Structure formats: structure tokens, C-alpha cells
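This report concerns only the one structure given below.
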């Protein structure tokens, strides 16, 4: 993927994407799909800013300075950090997160293995706006895939990641096309 550098503030629809280098979520593929659909006019990829418990405040300050006035939406994919209230307040209803729909049943590492061990019948994904409350923001899009005991944990993971990509693509596209209205802690989404 060829991704141009940041443009000055004021350009039309922009997406700043970021994911940890360890992420298996192809964030650039998401941006590329949106660009090809002409939902995005410009795509910019931010430099990876390492975040851990020791430097979280400094890393968020760096990210805020980098994003200020330049972003229509922030996409989190496998970010695995809780954003501060200040960060969220600076970008209300412009930060979109994705996660598997096993919450709260299967938290932590390896949710697909946990789901396999419990014999789940549906896997899915939820995309929502980020709020101060962890994974409690207004839901933009959800989808599920029926599975059976015949699926291995690796197959569940692969199917689940496909659903996550589809859900995130629709959520970001609808956000950028102004099809989402936030009403309290829920959304109204206008789909064609």
C-alpha cells in the first residue's frame, strides 16, 4: 500500500489510521478499500507511537499533537489500551473501535480458543464509538457468522477476523458518509 504523508488541516475527508506492528488487523487494507470506494478522499497513516504503562501520558500527548485539526475519524484496531478521558473528549464520536462480540464472556488473550472450548454457535464483531467507559460506546455496526463444532479454533479466528473487517469497513464508511447520528448511548444509522 502506498500511503502519503500528512496533509495540512482543512483537506477534505481524511482518515488517520494506526495499529500496533503486532496487529493482525490489516488497517491499510481497510483504508485502501474505503479510498477505492471514493468514501475517502485522502488517507494518512500515522507513525507508530509505542504505548505502555510507563509512557502512556506522553504517548497520548504525542498522538494528540499529531492529530490536532487533521482528522475526521480515528480507527482503533487491536490497540489494546484504554484511551484517557482527555483524549476521548478531544475527539467525540470520531474514534471507532472494533472487537469480537464475545465480550464479556471471553475476555483477555485468545478469545477464539476460549470460544472453541465452550462450543460457541455464533461468532461476530461489534464496531462502536469510543467513550470514557471501556467498550460501552454507541454501537455503529454488528454482524455474526454461524459456526459449529466442526470449526477449529484457528478457523473460528479466521472467520471472526473476516467479520471484524466487514463490520469495521461499514462502520467507518457510514461515519464518513455522515450516515450515523449519535443519540445518547446509541446510534441511528441510515443505510441505503
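The values are calculated or read from the model by the stated rules, or taken from the named source; none is laboratory data. Note that the structure is predicted; figures quoted are calculated from it, not measured. With ideal geometry, Cβ positions are generated from the backbone for all residues, glycine too; neighbour counts draw on all protein chains shown.
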**Report entry** Selected residue (criterion: nearest to residue 183 (Cα to Cα)) from residues of the stretch 119-161 that are part of a loop (DSSP other than H, G, I, E, B) and touching a strand residue (DSSP E or B) at 6+ places or on another chain (Cβ under 6 Å)
**Finding:** 138
Report summary line: Within the stretch 113-125, the count of residues that are surrounded by 22 or more Cβ atoms within 10 Å (Cβ to Cβ) and more than 12 Å from residue 147 (Cα to Cα) comes to 1
Query raised in the report: residue 180: modelled with pLDDT of 90 or more, touching a strand residue (DSSP E or B) at 6+ places or on another chain (Cβ under 7 Å), surrounded by 15 or more Cβ atoms within 10 Å (Cβ to Cβ) and farther than 26 Å from residue 71 by Cβ, yes or no?
Result: no
Query raised in the report: Is there a residue in the stretch 24-42 that is in a loop (DSSP other than H, G, I, E, B), at pLDDT 65 or above, within 13 Å of the chain's Cα centre (by Cα) and surrounded by 11 or more Cβ atoms within 10 Å (Cβ to Cβ)?
Result: no
Report task. Examine the stretch 166-180 for a residue that is within 13 Å of the chain's Cα centre (by Cα), part of a helix (DSSP H, G or I) and over 17 Å from residue 95 (Cβ atoms), and state whether such a residue exists. Result -> yes
